[in-house]
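Below is one structure, written out as structure tokens; the observations come after it.
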Amino acid sequence: AEKKPCPLCPEDKFKACYSHKLHRHLQNLHWKISVEFEGYRMCICHLPCRLVKPNLVGDQTFSKMGAHYHCIICSATITRRTDMIGHINRHVNKGETESRFITAPAAKSSQEVLKESDTDVQVLPNYSTPQKTDSYFNPKMKLNRQLIFCALAVLAEERKPIECLDAFGATGIMGLQWAKHLGSSVKVTINDCNENSVVMIQENCHLNKMKVILNTKEDDTDEAIEDGEESVGTIEVTKMDANVIMHLRSFDFIHLDPFGTSVNYLDSAFRNVRNLGIVSLTSTDISSLYAKAQNVALRHYGCNIVRTEYYKELAARIVIASVARAAARCNKGIEVLLAVALEHFVLVVVRVLRGPSPADDSAKKIKYLIHCQWCEERIFQRESSMVEENPYQQLPCDCYGSMPGKTAVVLGPLWSGALFNTGFLRRMLFEALQYGLEETQPLLKTLVCEAECTTLKQFSIHSSTDENKQEECGVYIKTPDTSAEFYLIHGKRKSNEVIRNTTKRQKCESSAEHPAFYYNIHRHSIKGMNMPKLNKFLSYLSKAGYRVSRTHFDPMGVRTNAPLAQFKAILVKYSTPTYTGGQAEGPVHLNEDLQVGDHVQAAVDGKAGDGEILEDKKSGVTAMVTKDCPMPCAAD
């Protein structure tokens, strides 16, 4: 019978009234525009909890009380209803559903279980969108994870046990695959700085029957493993910043896969990595590396780049140059084992060589590149202590003299050394065959051919790896009797014989360097001519005495040591006119006695046949005579 005030409105806005009138007020104003979450409603509040900016009218200041919502999870105040709904959805996507004001525990959100390489992982909703979830999982990066696993498996065969770190765990899928398939050969540490990701990693470890060690103490939550079932392995889970854990501890294998660039973590990675260890990094900032955001590339990598036909290999050399500089600051050199640039990522795997001499050798391989924007010719700038007046004269082409204006640009600094280690790639292919990684095998075969600069027809897996896994030159033999002699525990102390054998094996594996960069056959095609098939064109270049192979950077790319002029000449020679239709591919007859200046008279007199190519010996310009018109079409 007494009058009651509204609990969500100030007294000056809604005075105390009887219960039936108060109920109608609550229902029509507060309840009608409320936000529902797991059986609870967040009603709009008009109390002075959130002050709006004061308005100055004359000499008086009016402070308006704004209507708002209170978040039931984080107690934040939101003004608009649509913003409140989006705020709650962000909490749900991050897995934050427990309320600070509700005594009963909230129900957990539904989690999806995905399987990859016999490893199960739980993921949150929107797991493939990094902006909407903490535990990011990208199924498109499966090939990247398999390549890293093969590299780790090769290192595990060299020395046991090895300590490996996944610095950015997210769901922990990569570290779980290492521990599940390699077993006692590796000691896996999964790190992440986000608390929700660390909880998710622990749950995924229990899901895969892994024992969890948290902060060097055994976790008491191992009850997820059922009675009678043994744990497959042990994984250490840490919650630190990636730079901190790499400064505090030493590892044999470190993998960096942040969201974006990895340059912020390179100094920490090379600080404590052990000698002859491996550092792998995945860069996903492809907009800057692929020359779409050139200012970002200059800011992150200190490199000047433009969009070229070989932009993917350019991106790989930019990343390796940053890695080499970071290693040199720690008096360490690098040996590039693998460099892959695909649609979504750039993967670089390097071996660490401790000492100032390897550091100096690696630093000397960082050079600038001179690129011609007219003909796409390129060459690394020569080292010289003197300032060169016109560095563009180093290019094999003469575009700088025949074309007006600036025709070339200087790119870099870039890595000028080899991108692959043939012996290491062959051992990776052997591990991929052993563990049944079918998706990785075609790429690894292409990489081996690219490293040796040979075609796939000449490829043979048994050339350097047999059933007993005896390595090239007979230096590294992996048998149970000699496995303990290759490295001592943690690699702290090695005998002179072991160091000598390791050096010999590295010299055997590093064969002749492959040619730098590649040419796109479509980019240099001739208008009005049918190009030969790519495999046939490779055989034509090989018969001409040049090293040639395909490249994984570009499906229509050709890696060869042939100069661009010879590359175009062979392409012209074995191209056929478009209008001949079904004419067989083969060399086109060149009438060297006729000049382009005489093309009209030659066509009238009948000296130039239908479809014949005329070449100007002075300028190198070629032209084709057609049947319908005596005037030839410019071919190049």
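Where a number appears in this text, it was derived from the coordinates with a stated rule and is not lab data. Given the structure is predicted, the values throughout are model-derived calculations rather than measurements. Here the Cβ is made from the backbone with ideal geometry for all residues, glycine too, and neighbour counts use every protein chain on show.
List of remarks:
- Amide H contacts under 5 Å for ALA76, placed H, 5+ residues apart: CYS71
- Cα-based values for the range 518-577, radius of gyration first and Dmax second, are 10.4, 30 Å.
- Scalar couplings 3J(HN,Hα) for the range 333-347, obtained by applying the Karplus form with A = 6.51, B = -1.76, C = 1.60 to θ = phi - 60°, are x, 10, 10, 6, 9, 7, 9, 10, 10, 10, 5, 9, 7, 10, 10 Hz; x denotes Gly and Pro.
- Rounded to whole numbers, the Karplus 3J(HN,Hα) couplings from phi for the range 19-31 are 5, 5, 6, 5, 5, 5, 5, 5, 6, 7, 9, 7, 6 Hz, using 6.51 cos²θ - 1.76 cosθ + 1.60 with θ = phi - 60°, and x at Gly and Pro.
- Nonlocal amide H pairs with VAL186, under 5 Å, H built at 1.01 Å: ILE162
- Taking packing as the residue-averaged number of other Cβ atoms within 10 angstrom, the listed peptides 135-142, 526-533 run from highest to lowest as 135-142, 526-533.
- Residues whose amide H lies under 5 Å from that of ASN304, counting only those 5 or more places away or on a different chain, are GLY412; hydrogens are built 1.01 Å from N in the peptide plane.
- Among 311-319, 288-296, sorting by the average number of other beta carbon atoms lying within 10 angstrom of each residue, highest first, gives 311-319, 288-296.
- Using θ = phi - 60° in the Karplus curve 6.51 cos²θ - 1.76 cosθ + 1.60, the 3J(HN,Hα) couplings for the range 420-428 round to 9, 10, 4, x, 5, 5, 5, 5, 5 Hz; x is entered for Gly and Pro.
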